[in-house]
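Have a look at the structure below before the remarks.
Rule-based calculations on the coordinates, nothing more; no lab input. Remember, it's a predicted structure, so these values are computed and weren't measured experimentally. Cβ: placed from backbone, ideal geometry, glycine included. Neighbour counts: every protein chain shown.
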Amino acid sequence: MYPITTQIIVMLFVVHFALSRQVEFKKAESDPGFTAKERSNSKEVGHYVPKLGVRLQKTPASFLSVVPFDSVTLECEAEGNPSPTIYWLKNGRRIHQGTWEESGLSQEININEMVTRGVSRTRSRLYLDCVSAKDEGIFSCIAENPYQRVSGKTNLKLSEERETRNAICVAKKSFGTPARIHMWTRTRIETQGNDIQLFCRASGNPQPKINWIRGDDENKIIKNSEKYKILENGDLVIRNLSWGDLGGYTCVAKNVNGAAKTFTFVYPAMPEEK
Ligand SMILES: *[C@@H]1O[C@H](CO)[C@@H](O)[C@H](O)[C@H]1NC(C)=O
């Protein structure tokens, strides 16, 4: 009796395992995100499953101790479909970096992200200069798209160290702040034929000017055309993505106090076969 019972239990276990695998497989197949295929040299090298939603890829440490009057940069990265945006909270209240966020205009143009099949990675930085007692608190990085919102928390405290950098900090501030990019697209995979919007949101005093460059050749400045549109908030729209758009795009933000650069990689995936 005993060996048979064991066999039945083992069999039930195996069947249960097989069934659950099959259910998982069916679910993936019916997922609307399960379409884009990556190919190279017309040989299938596998396909990715861009799930609708957002996942955090990188968050600051959960606890940060900062020397008084030091500067610190918090960094967060999220992957998602459609493209996630990232912003920051301090003790639950939204921090506005740059005039575009302050004005509340996110400048979405006529791109229907809901029908796109791509996946993208967005990175964001929060720059804290001259950290003092008023900067202590809980900072949250919020990444979201229309399907999901995820967050990571950091507790920032001043260290006990005594420093005398206060005077330098104050002097620096009165001369304005250099251009800094606080949110940008790191990578973007999208099906050929679709339009994409690459983020490049900058802040600084005075408000920085944005240029987009193909690759990293400073002579290849992208101009508005049928193919490209540079939005007032700094984002770059590329229309009707084709294989020729594969590669890098550099965003340069500049003001009289300094410049910043970020790099975005675009991968135009093969269209789905009908
Ligand atoms: C998009 O680009 C392809 C060539 O890459 C072209 O055949 C097609 O007509 C373009 N579509 C639109 C809407 O411009």
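Stretch Ile221-Glu160 to full length: gain in nm at 0.36 nm per residue minus the Cα-Cα span?
Working: separation 61, 0.36 × 61 = 21.96 nm, distance 4.78 nm.
Between Ile221 and Glu160, full extension yields an extra 17.2 nm.
Sorted by packing (mean other beta-carbon atoms within 10 Å per residue), highest first, where do 121-131, 85-95 land? Spell out each step's value before the answer.
Working: 121-131: 20.1, 85-95: 15.8.
The peptides rank, most packed first, as 121-131, 85-95.
Taking the highest mean first, how do the peptides 192-200, 212-220, 243-251 order by number of other beta carbon atoms within 10 angstrom per residue?
Details: 192-200: 21.0, 212-220: 12.8, 243-251: 16.0.
The most tightly packed comes first, giving 192-200, 243-251, 212-220.
Can you list residues from other chains, or at least 5 along the same chain, whose modelled amide H is less than 5 Å from the amide H of Ala269?
Amide H neighbours of Ala269: Glu190, Thr191, Gln192.
Tell me, what ³J(HN,Hα) does each residue in the stretch 67-77 have, in order and in whole Hz, if you take phi through Karplus 6.51 cos²θ - 1.76 cosθ + 1.60 with θ = phi - 60° and put x for Gly and Pro?
5, x, 6, 7, 10, 9, 10, 9, 10, 9, 9
Could you work out how far apart the two model spin labels at Cys130 and Ile95 are, taking each label as a point 7 Å from the Cα in the direction of the beta carbon, and quote it in nm?
Roughly 1.6 nm, to one decimal.
Which whole-number percent of Cα pairs in the stretch 231-274 have a distance greater than 16 Å?
54 percent
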